[in-house]
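Take a look at the structure set out below.
Taken together, the values in this text are just the output of simple stated rules run on the coordinates, not laboratory data. Values in this document were obtained by computation on a predicted structure and should not be read as measured data. So basically every Cβ, Gly included, is an ideal-geometry build from the backbone, and we count neighbours across all protein chains shown.
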Amino acid sequence: MTTASVTQMKCACPSCLCIVNISDAIQKEGKYYCSDACAKGHTEGAGCSHAGCGCHA
Ligand SMILES: [Zn+2]
Ligand SMILES: [Zn+2]
C-alpha cells in the first residue's frame, strides 16, 4: 500500500458511467458529477457529452 488516496470515482448520476477526478468534478450536495448536465439531473435533456456515454435519458 502507498499513501496515495482515492482521487477518482464514478459520476453520481445513476445512468452515467463516467469516472471523474474529484479535483475537477462538479460537486453538488456532497456528490461528484462529471458534468453540469449530470449535476442538474439532465433536466435539459443533455448528456455529459463524453464519448461513448449515453447517460442523458
Ligand atoms: Zn456520462
Ligand atoms: Zn456524469
Considering the dipole of the chain built from charges on the beta carbon (Lys and Arg +1, Asp and Glu -1) around the Cα centre, which of Pro14, His42, His56 is farthest to its positive end? Pro14
Let me see the P(r) profile for the chain: every Cα-Cα distance counted, bins of 10 Å, each bin given as a percent of all pairs. 27, 51, 16, 5, 1
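Would you work out the charge dipole size for the chain about its Cα centre, treating the Cβ of every Lys and Arg as +1 and the Cβ of every Asp and Glu as -1, and quote it to the nearest 20 debye? Could you put the intermediate results ahead of the total?
Working: 4 positive and 4 negative charges, 25 e Å.
Computed charge dipole of the chain: roughly 120 debye.
Once every DSSP H run of n ≥ 4 in the chain is given -39500 (n - 2.57) and the sum is divided by its residues, what mean residue ellipticity at 222 nm do you get, rounded to the nearest 500 deg cm²/dmol? Spell out each step's value before the answer.
On the way: 1 runs with 4 residues, N = 57.
Computed mean residue ellipticity for the chain: -1000 deg cm²/dmol.
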